[in-house]
1. Which order do you get for SER97, SER73, SER124 if you rank them by accessible area with a 1.4 Å probe, largest at the top?
2. Would you calculate a helix-derived [θ] at 222 nm for the chain, using -39,500 (n - 2.57) for each DSSP H run of n ≥ 4 and dividing by the full residue count, to the nearest 500?
3. Ordering ASP94, ASP71, ASP141 from largest to smallest accessible area (1.4 angstrom probe), what's the sequence?
4. What's the lysine pair count for region 101-143 at a Cα cut-off below 14 Å, pairs eight or more apart or interchain?
5. Considering only protein heavy atoms and a probe of 1.4 Å, how much of the accessible area of region 68-150 is carbon and sulfur, as a whole percent?
6. Ignoring ligands, DNA and RNA, what accessible area per residue does the chain give at 1.4 Å, in Å²?
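The values are calculated or read from the model by the stated rules, or taken from the named source; none is laboratory data. Keep in mind the model is a prediction, meaning the values are calculated, not measured. To get the accessible areas, we keep the full protein, side chains included, count just its heavy atoms, and leave off ligands, DNA and RNA. Shrake-Rupley method; radii C 1.70, N 1.55, O 1.52, S 1.80 Å.
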Amino acid sequence: MSCHTKSFWTPHNFSKAAFSIRNLLELKHLQIQSELSKDCIFVSYHSQKDEFKTADEKERLYKTYENLGFDASLHLVKDKNDIDGKLIRGLKHDGISNERVFKKELPLILEKLEGKDFQREEKSLSFPSDDKIYHFKDTKDKYELKITPL
């Protein structure tokens with residue numbers, strides 16, 4: 001037996017503070033992330049015809065990543081001419097093959113990272129919302145979340 005729920009992360013489904021911490025377009029949080037490290041490489045494929053109508057938000061997110069100095073590439077699938085039957089199988093949300101994106105993009109990402117020295121260190125980020133601070137800490141083999149009042 002399996003149960004599933006569909007939950008769109010919108011301000012209508014959460015309190016303002018709870019939405020803020022989940023909102024990928026929260027500029028204050030993206031700025032905090034960029035101050036910690038600019039070594040993240042973001043690559044995304046997204047259909048402009050996605051039934052969730054999130055293409056505009058994805059474009060804004062990737063422009064923000066670029067403005068903050070991240071290496072960010074958004075491949076926007078615009079119409080049926082972009083469908084190749086392999087990587088791009090359709091215009092719906094599930095129309096892009098994650099496996100083929102991984103096989104295509106991973107070598108390019110590894111090439112960009114070649115020669116860089118990454119030291120393993122415990123890092124943490126703290127994102128404020130209206131009434132709480134969400135502290136994310138990288139410890140050994142897991143991430144920890146601690147929520148404190150503002």
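1. SER124, SER73, SER97
2. -9500 deg cm²/dmol
3. ASP141, ASP94, ASP71
4. Count of close lysine pairs: 4.
5. Within region 68-150, the accessible surface is 51 percent carbon and sulfur.
6. For the chain, the per-residue accessible area is 74 Å².
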